[in-house]
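Quick notes on the structure that follows.
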Amino acid sequence: MVPAGLLSSIFSGAARIDRGRKGLSTNGQEHEGRISYEEGVAGASKAFSQALSTLDPLIIMIAEEAFLEQELRFCSESDTHTISSLTQALQSFSDAFRCLETVEDPVKYKAAETTWPNSRKYRVQGFPKDALHLACLAHRTRLYNTLRSPGINMIEKALLTQRASNMTIVQNIYTEKQRKSLQEIGVN
């Protein structure tokens with residue numbers, strides 16, 4: 001279950017960041033824009049920390065998905081590259097949620113696990129590099145690419161770093177779920 005207020009904090013943080021960015025680029029509204037931007041980044045950071053504190057990969061990913069949806073909502077229609085990237089991220093998260101459901105049922109997961117090649121290329125710590133791993137890897141790459149962009153404020157870079165770290169933690173928790181699921185039925 002998603003902690004009370006988490007999604008509201010995500011939505012509020014994203015909205016304040018967007019409002020702040022617009023204020024920063026509007027003559028005469030720079031000060032208010034800066035305040036909104038900083039409050040938005042701080043609020044989003046707190047919400048991502050709250051999600052992480054649950055150590056529940058579903059909740060951590062729901063928080064990230066909600067933020068992505070807001071970024072897409074505030075994206076300019078002419079920014080087709082960003083729209084495409086965010087849309088792809090949301091689709092990969094949708095696929096990842098299916099993995100989280102399947103790994104909870106050892107019988108289903110054993111059947112799913114056998115469909116993956118044993119090659120290291122298709123494995124993470126010996127377990128299938130499935131849609132959840134792919135979503136986390138792709139999203140972490142997306143976040144790191146943004147971190148490399150010049151001109152991004154350091155407080156926003158800290159938020160991007162936090163979000164990327166959350167994807168690594170989700171993968172680690174999920175890998176443990178994969179291990180437990182297969183151990184329950186005597187595989188691995």
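The values are calculated or read from the model by the stated rules, or taken from the named source; none is laboratory data. Quantities reported herein were computed from a predicted structural model and do not represent experimental measurements. Positions of Cβ are backbone-derived with ideal geometry, glycine not excepted, and every protein chain shown enters the neighbour counts. What goes into the accessible areas is simple: the full protein's heavy atoms, side chains included, and nothing from ligands, DNA or RNA. Shrake-Rupley method; radii C 1.70, N 1.55, O 1.52, S 1.80 Å.
Along the range 134-150, what does the Karplus equation 6.51 cos²θ - 1.76 cosθ + 1.60 (θ = phi - 60°) give for ³J(HN,Hα), rounded to whole Hz, x for Gly and Pro?
Calculated HN-Hα couplings, in order: 5, 5, 5, 4, 5, 5, 4, 4, 4, 5, 5, 4, 5, 4, 7, 6, x Hz.
I'm spelling it out carefully: the read-out is volume of the Cα convex hull per residue in Å³, the candidates are (1) 117; (2) 142; (3) 105, and one was derived from this structure. Which label?
Working out volume of the Cα convex hull per residue in Å³ from the coordinates points to (1).
Just going by the charge dipole of the chain, with Lys and Arg at +1 and Asp and Glu at -1 on Cβ, which of Gln91, Thr26, Asn118 is farthest out on the positive end?
Asn118
Using a 1.4 Å probe and ignoring any ligands, DNA or RNA, find the accessible area of Ser119 and quote it in Å² to the nearest 10.
Solvent-accessible area, nearest 10 Å²: 60 Å².
Determine how large the accessible area of Leu86 is when every protein chain is in place; take a 1.4 Å probe and give Å² rounded to the nearest 10.
10
For Ile155, Ile17, what's the largest-to-smallest order of accessible area, 1.4 Å probe?
Ranked from most to least accessible, the order is Ile155, Ile17.
Can you work out the accessible area per residue across the range 1-100, with the rest of the protein chains kept in place, probe 1.4 Å, in square angstrom?
Working: 5340 Å² over 100 residues.
Dividing the accessible area of the range 1-100 by its residue count gives 53 Å².
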